[in-house]
1. Specify which of the listed residues (Arg120, Arg97) is assigned to a helix (DSSP H, G or I), surrounded by 10 or more Cβ atoms within 10 Å (Cβ to Cβ) and modelled with pLDDT of 85 or more.
2. Looking only at region 161-184, how many residues end up being closer than 17 Å to Ser115 by Cα and touching a residue at least 40 places away in the same chain (Cβ under 8 Å)?
3. Among (1) touching a Lys or Arg at 6+ places or on another chain (Cβ under 7 Å); (2) at pLDDT 80 or above, where does Glu92 come up short?
Amino acid sequence: MSEDKTEGKKKKIEEETKGSAEPVKKAGEAEEELEEFLEKEDEKEEEEITEPPPSEKEEPEEEKPEEPSEEKEEEEKKEKEQAKRKREEEEEIVEERIYTVPLNRAWIMPLNKRSPRAVRILKAYINRHMKVEAPKEGEEEETEEPAKLIISNEVNERIWTRGIQKPPRNIRVRAAKDKDGNVTVYLAEGE
């Protein structure tokens, strides 16, 4: 069986060398090179047979890069959600309300000013309904920081999903006021 392989390899090598532009070697030299080449090939095949597949090789666990599986990704998502909830709880929410904010007035503006206008409408609506007091120009600034209105990235991305020209006609949000008077706007559940 191995003789058949070697004869086939010899023929293959002879065919490859026929078309080459190398100077013609003596018959003895060519046979020696051919035998060396075949021995190397046989050694490679033996190594492949004796070596276990890469999955069965024993490697230190530190060097193996971990492949993210679906289960690990789900666990990471759950941990992130729990971390968000903890942060929200740490803020000590005093008041929380859900609003449907009409943004249709933004459509009066020229095309390339609609989404920024929708964000301003949202801020004005939340300021009005959650009674966030902005510092007045005539008053002196107090040592305490004035209440802030914080719009979450989720809400901002929802307004800008279709670009600057086509903001949504309305948006459903959850506004949470903490003990310092800061209001944070999140997307309502199910949005």
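1. Criteria check complete, one pass: Arg120.
2. 11
3. (2)
The values are calculated or read from the model by the stated rules, or taken from the named source; none is laboratory data. Because the structure is predicted, anything quoted here is derived from the model rather than measured. Please note: Cβ atoms are built from the backbone with ideal geometry, for glycine as well, and neighbour counts cover all protein chains shown.
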